[in-house]
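Bear in mind that the values in this text are calculations on the coordinates, not laboratory data. This structure is a prediction, so every number in the text was calculated from the model and none was measured. Cβ coordinates were reconstructed from backbone atoms using ideal geometry, including for glycine residues, and neighbour counts include every protein chain displayed.
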Amino acid sequence: MKILEQLKKDYEKKPFLNHKRAVLSAPVRHIFMISTIGFMKSINSKNISILEIGSWFGASTLSWAQGLKEYYDSKGEINCVDAWKPFFELEEHKEKEYVAEMEKLLEDDTVFKIFLHNINTIDNSIKINYFRQMSNEFFNTAKSKEYDIIFIDADHTYNSVLNDIKKSLDLIKEGGIICGDDLNMQLDEVDKINAKKNHNKDFIRDTKTGRNFHPGVTLAVDEIFGNVNSWGGFWAVQKSGDNWINISLKEIPIIYPKHFNDDLLLRAKEHYSDIKEEIF
């Protein structure tokens with residue numbers, strides 16, 4: 001059965017994440033997205049506005065929405081920015097099978113249609129805005145000091161991540177949080193020369209550790225913020241005047257995403273069990 005037909009038949013009022021590319025990164029990171037909302041509630045009781053750069057199927061949008069439901073009585077705003085169109089430099093990534101699969105899903109608008117389906121399952125009291133454009137187009141018209149949380153998870157090549165971070169600096173409110181996905185390793189953990197050599201590739205194997213990582217994310221985050229706190233690849237820093245400080249999620253309850261299917265939920269729980277001593 002084709003994906004869109006399955007949506008209509010089996011998921012009329014339920015989120016659809018039953019596809020191997022629906023959640024592109026480790027599911028455990030969605031726990032810490034929800035925790036970040038809990039952290040924000042501890043310092044800001046007013047309704048908050050979230051900017052999400054890169055939305056894909058809408059799994060992260062659903063996680064932010066669950067955070068708002070848990071901590072802000074389903075009040076707040078989520079702004080989703082994504083072109084929902086092919087973006088990889090195929091020559092740079094021709095050996096990556098997942099790239100071809102992602103590009104195909106984008107070419108026929110499947111991803112965008114699933115995103116629309118998924119956000120329509122979110123409580124109406126949460127305002128969802130979406131902007132089908134490249135992040136640079138959005139940044140050109142965005143207002144400064146507008147957002148309490150900015151989540152960066154779009155193109156992972158170095159120039160794109162660096163630009164998304166730099167443009168976000170002026171948009172975040174005092175005390176707000178800039179965060180992102182796919183910080184698999186920090187710069188002091190990897191072969192720096194090899195990372196810089198491959199800065200325009202999405203995903204490579206580190207020659208120092210043998211682990212896979214996103215060199216563009218590692219390089220850009222370090223260039224702007226240095227070493228940051230991260231939880232299973234989800235990273236976050238808080239604006240404090242002219243500085244950026246690490247936050248702690250240690251005291252925030254662990255809440256699992258309710259929109260996850262059984263497989264995603266199991267993977268999130270197992271991963272959390274593996275890393276909880278290390279991250280806290």
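If you build a Gaussian network model of the chain, linking Cα atoms that sit under 10 Å apart, which residue out of LYS167, LYS69, LYS258 swings the most? Looking only at LYS167, LYS69, LYS258, the largest GNM fluctuation is found for LYS258. Counted by neighbouring Cβ atoms within 10 Å, the residues LEU24, LEU17, LEU266 run from fewest to most as LEU266, LEU24, LEU17.
Over 22 Å between Cα atoms: which of LYS143/LYS167; LYS145/LYS167; LYS8/LYS269; LYS41/LYS239; LYS75/LYS258; LYS166/LYS239 fall into that group? Table pairs above 22 Å Cα-Cα are LYS8/LYS269.
Helical runs assigned H by DSSP (4 residues or longer) give the chain a calculated mean residue ellipticity at 222 nm of -12000 deg cm²/dmol, each run adding -39500 (n - 2.57) before division by the residue total.
Global size of the chain: 17.8, 53 Å for Rg and Dmax (C-alpha atoms, Rg to one decimal, Dmax whole). Contact order for the chain, expressed relative to its length and based on alpha carbon pairs under 8 Å spaced 6+ residues apart, stands at 22 percent. Only Lys, Arg, Asp and Glu carry charge here, each on its Cβ (+1 for the first two, -1 for the last two); on that basis the range 139-181 has a dipole of about 200 debye about its Cα centre. What size of dipole, in debye to the nearest 20, comes out for the range 59-191 about its Cα centre when the only charges are +1 on Lys and Arg C-beta atoms and -1 on Asp and Glu C-beta atoms? Computed charge dipole of the range 59-191: roughly 780 debye. Between ILE255, GLY241, ASN227, the Cα set farthest toward the positive side of the dipole of the range 216-280 (charges on each charged residue's Cβ, about the Cα centre) is that of ILE255. Which distance in nm do the two modelled labels at THR209 and LYS143 give, with both placed 7 Å along the Cα-to-Cβ direction? Spacing of the two 7 Å Cα→Cβ label points: 4.1 nm. Spatially, the range 104-128 and the range 168-211 are offset by 28 Å when compared through their Cα centroids.
Shape of the range 75-223 from its Cα gyration tensor (a ≥ b ≥ c, root eigenvalues): rounded if a/c is under 1.5, otherwise prolate when a/b > b/c, or oblate? Oblate, because a/c is 1.5 or more while a/b does not exceed b/c. In terms of its C-alpha gyration tensor, the range 208-251 comes out oblate, because a/c is 1.5 or above while a/b does not outweigh b/c. The phi torsions of the range 30-39, fed into the Karplus equation with coefficients 6.51, -1.76 and 1.60 and a -60° offset, translate into couplings of 5, 4, 7, 5, 4, 4, 5, 5, x, 4 Hz, rounded to whole numbers, with Gly and Pro shown as x. On full extension, the segment bounded by ILE43 and LYS269 gains 78.6 nm, given 0.36 nm per residue less the C-alpha separation. Taking a sphere under 14 Å around the Cβ of LYS143 and counting the other residues whose Cβ falls inside, with K and R at +1 and D and E at -1, yields a net charge of -1. Here the extension length gained between LYS258 and LYS8 equals 87.9 nm, from 0.36 nm per residue of separation less the Cα-Cα distance. Quick one: net charge around ILE172, please, counting Lys, Arg +1 and Asp, Glu -1 for every other residue with C-beta under 10 Å from its C-beta. For residues surrounding ILE172, the net value is -1.
Straightening the chain between GLU189 and LYS20 buys 57.9 nm, computed as 0.36 nm per residue apart minus the Cα-Cα spacing.
Each listed q (0.12, 0.18, 0.21, 0.23 Å⁻¹) maps to a log10 I(q)/I(0) for the range 155-226, found by the Debye formula over equal Cα scatterers with no solvent: -0.30, -0.63, -0.81, -0.94. The rule of thumb for compact globular proteins, 2.2 N^0.38 Å, goes into the C-alpha radius of gyration of the range 5-73 1.25 times.
When ARG29, ARG132, ARG211 are arranged by Cβ crowding within 10 Å, least crowded first, meaning fewest neighbours, the order is ARG211, ARG132, ARG29. Rounded, prolate or oblate: pick one for the range 137-280, where a ≥ b ≥ c are the square roots of the eigenvalues of its C-alpha gyration tensor, a/c under 1.5 means rounded, and failing that, prolate if a/b is larger than b/c, else oblate. Taking the square roots of the gyration eigenvalues as a ≥ b ≥ c, the range 137-280 is oblate. Hey, what did the range 1-150 get for relative contact order, percent, Cα under 8 Å, at least 6 apart? It comes to 31 percent, rounded to a whole number. Take the Cα of ASN246, go 7 Å toward its beta carbon, and the backbone nitrogen atoms of the range 165-188 under 15 Å from that spot belong to 185-188.
Charge tally around ILE37: other residues with Cβ under 11 Å, Lys/Arg +1 each, Asp/Glu -1 each, net 0. In terms of other Cβ atoms within 10 Å, HIS199, HIS156 run from fewest to most in the order HIS199, HIS156.
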